[in-house]
Amino acid sequence: MIIINPTLVSSWWKNHLDGKEIIVSQEGQYLSNWFKIESLPKTLYIHSLNDRYSKKTDEGFPCFRVRNNLISFASADDLELKHAQTYDVSTMKILQNDCNNNPVENRIIRNAFINILRQTWNKYLSDMNMPVYMMSDEKKCFYFTNEILQGKKRLAFNFSDLISGQRSLVGTFRKKIWHFGLSGNVSLYPELVYAIKTHVLFSEDGMNILDSKNRLHSARRSACKDWWNHHWRDRLMAAMYWIKQNIGEEHLSMPVSSSHDIRVAFEPIIFNSVIDYDDARVGKNPFLDEDEPMDEMELSESDAEVES
């Protein structure tokens with residue numbers, strides 16, 4: 001482990017940045033990993049049952065269980081619930097953190113709302129037959145394989161005037177196969193969005209991810225050490241464009257009941273800045289400890305180093 005101190009920082013600055021204009025006074029646009037939820041049902045239902053709910057785990061639509069209550073955007077008829085007392089909760093009230101006077105506490109309703117949105121994303125990708133890897137935090141990462149991509153080495157993507165290009169989502173590195181993957185989180189503030197996180201997994205057969213967490217960390221550090229922001233950004237956009245092309249729609253519409261969908265934009269939220277950052281003038285990070293596992297979003301990799 002490297003301990004960062006003022007002397008080390010000063011030395012790195014002189015060797016890498018001294019005399020270089022890193023911050024540029026020009027406007028810049030930055031693509032985020034936030035994909036706006038454009039519309040969703042106006043009402044969330046709390047179905048209270050007389051007896052503890054004992055139905056099998058597959059209700060057909062995303063649900064969240066709390067004691068003898070089942071929370072869902074799906075109606076009692078959709079879930080085939082008999083003798084349930086149903087309470088309506090305004091989605092707007094949930095977003096305003098003001099949904100009291102219900103059989104379930106306000107905090108739990110908000111947690112259920114987020115969980116149901118996350119379930120909806122997971123179910124949609126699962127229905128697209130994408131393989132899933134369970135991460136250590138019990139979140140699901142859906143990843144690409146050569147079979148899913150039908151052997152395409154690179155995927156072209158084109159979001160109008162926003163961004164276009166091509167990137168590989170599966171490749172080889174040191175006799176292993178790397179797989180680009182996605183997991184979906186939900187953020188309620190400052191925008192209601194899906195925050196799509198990116199990951200890189202490894203297999204030896206092109207399908208089954210390595211069991212060893214240490215081997216995954218080691219392979220990821222080596223294969224991805226020179227990926228920069230634009231590599232991650234482009235692969236995220238290629239993955240979203242692949243979903244868009246497969247469903248043939250301008251928006252991602254994910255069903256949450258027999259009559260309602262959650263509609264999500266394929267183009268991410270853009271942030272504007274009056275200054276820009278010239279990372280081409282910055283050397284490699286000297287503080288990176290190759291023995292320390294890093295979060296997937298902080299890793300980097302050059303296309304030249306990984307066969308694609």
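Rule-based calculations on the coordinates, nothing more; no lab input. From a predicted model like this one, the values you see are computed outputs, not experimental measurements. Backbone-built Cβ (ideal geometry, glycine too); neighbour counts: all protein chains shown.
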Projected onto the charge dipole of the range 22-298 (+1 at Lys/Arg Cβ, -1 at Asp/Glu Cβ, origin at the Cα centre), which of ILE109, ASN50, ASN208 gives the Cα projection farthest towards the positive end?
-> ASN208
Positive end of the charge dipole of the range 83-224 (Lys, Arg +1 and Asp, Glu -1 on Cβ, about the Cα centre): tell me which of GLY165, HIS83, ILE94 has its Cα farthest that way.
-> GLY165
Measuring from label point to label point, each 7 Å out along Cα→Cβ, what is the LEU188 to GLU250 span in nm?
-> 3.1 nm
Contour excess over end-to-end distance, with Cα ends at MET128 and ASN15 and 0.36 nm allotted per residue = 35.8 nm
Where Lys and Arg each count +1 and Asp and Glu each count -1, what net charge lies around ASP211 among other residues with Cβ under 14 Å from its Cβ?
-> +1
Could you give the length gained on full extension between ASN68 and GLU80, defined as 0.36 nm per residue of separation minus the Cα-Cα distance, in nm?
-> 2.8 nm
Computed magnitude of the charge dipole of the range 22-298 (debye, nearest 20; Cβ of K, R +1, Cβ of D, E -1) | 560 debye
Those chymotrypsin sites (Phe, Trp or Tyr not before Pro) in the range 47-152 that DSSP places in a loop and that have at most 13 other beta carbons within 10 Å | none
Set of lysines with alpha-carbon distance to LYS14 below 22 Å, sequence-local pairs under 8 removed = LYS284
The farthest towards the positive end of the charge dipole of the range 22-298, of the residues TYR277, ASN246, TRP34, given +1 on Cβ of Lys and Arg and -1 on Cβ of Asp and Glu, is ASN246
Work out the FRET efficiency for GLN96 and GLU138 from their Cβ-Cβ distance, taking R0 = 30 Å, and round it to the nearest 0.05.
-> 0.55
Which entries in the list LYS139/LYS213; LYS140/LYS197; LYS93/LYS139 go over 19 Å, if you measure between the two C-alpha atoms of each?
-> LYS93/LYS139
Extension reserve of the ARG174-LYS153 stretch, reckoned as 0.36 nm per residue once the Cα distance is removed | 5.8 nm
